[in-house]
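Asker: This is the structure I have questions about; it appears just below.
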Amino acid sequence: MKTLNVLAATLLLLPVLGARTASAAPAEIQRGRYVVRMGGCNDCHTAGYSETNGALPESQWLTGVPVGYKGPWGVTYPANLRLLAQKLTEDEWNARIQLERRPPMPWFTMRAMSDADRRAMYRFIRSLGPAGAMAPDYVAPGAPVKTPFILFVPQSPATASVAPQSPTPSAAVKAPQSPELAVVVVIARRPRREVS
Ligand code: HEC
């Protein structure tokens, strides 16, 4: 009798359990969207995101940026995460995102993130579908650079060769057009620890 009661209760619960599983996916995607936003991924991996105060449509999110960050580590480019997510399984993404990277990728933050958040992020990015082109390849220190780049090392005001851009939105929206027009980022902070 007891067994029968348990069986009956389980059967009654089945539709409820089924409904919960089906609705878990959108909630997870919503979570991933939130983590991507709060994680600042768009600040670097989406062209024009900061310049438009985050107003870009999701269709343009995380498609990579062909403007590099130049420092003692060479020149790095924020990868196209939309294409990356398409070719990785969730487990591969979860492992890869925790690997040590060159600046300014905050790879250490990915290790501090919960497993559930890293996976939700993958599901959200994958749900956006593939878009855009691959970011340029990493350039080693001293090798010729063929793209625009942002000089990402502290500059002393006396030696800065290019003045920081005007803070007006219209000027800020323009990305540097050639390697010669690289923006000098003046960082009034202590130098970062280098990761090679
Ligand atoms: C401050 C800029 C910046 C931010 C913020 C940032 N990234 Fe990156 N990311 C980069 C750069 C630059 C690289 C390339 C690093 C290299 O070449 O070693 C990179 C590389 C990566 C890679 C490696 C790509 C590959 O081919 O394996 C992944 C994955 C990644 N970022 C995901 C993220 C996610 C997810 C977030 C948000 C939670 C994020 N990044 C935030 C700049 C950034």
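Asker: If I filter the range 12-27 for residues that are at pLDDT 95 or above and farther than 18 Å from ARG123 by Cα, do I get at least one hit?
Answerer: There is no residue in the range 12-27 that is at pLDDT 95 or above and farther than 18 Å from ARG123 by Cα.
Here is a yes/no grid of residues against (1) farther than 30 Å from PRO144 by Cα; (2) under 14 Å from the mean Cα position of the chain (by Cα); (3) within 8 Å of the ligand (Cβ to nearest atom); (4) of a type outside the set (D, E, K, R):
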| site | (1), (2), (3), (4) |
| --- | --- |
| CYS41 | no, yes, yes, yes |
| GLN60 | no, yes, no, yes |
| PRO72 | no, no, no, yes |
| ALA95 | yes, no, no, yes |
| THR109 | yes, yes, yes, yes |
| SER114 | yes, no, no, yes |
| SER127 | yes, no, no, yes |
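Asker: Check off (1) within 14 Å of the ligand (Cβ to nearest atom); (2) small (Gly, Ala, Ser); (3) assigned to a loop (DSSP other than H, G, I, E, B); (4) closer than 20 Å to GLU92 by Cα for ALA120 and give me the number that stays unchecked.
Answerer: With respect to (1) within 14 Å of the ligand (Cβ to nearest atom); (2) small (Gly, Ala, Ser); (3) assigned to a loop (DSSP other than H, G, I, E, B); (4) closer than 20 Å to GLU92 by Cα, ALA120 is out only on (3).
Asker: Can we say LEU84 is away from the ligand (no atom under 11 Å from the Cβ) and either over 17 Å from HIS45 (Cα atoms) or of a type in the set (A, V, I, L, M, F, W, C) (or both)?
Answerer: Working: away from the ligand (no atom under 11 Å from the Cβ): no; either over 17 Å from HIS45 (Cα atoms) or of a type in the set (A, V, I, L, M, F, W, C) (or both): yes.
No.
The values are calculated or read from the model by the stated rules, or taken from the named source; none is laboratory data. All values reported here derive from a predicted model rather than from experimental measurement. Please note: Cβ atoms are built from the backbone with ideal geometry, for glycine as well, and neighbour counts cover all protein chains shown.
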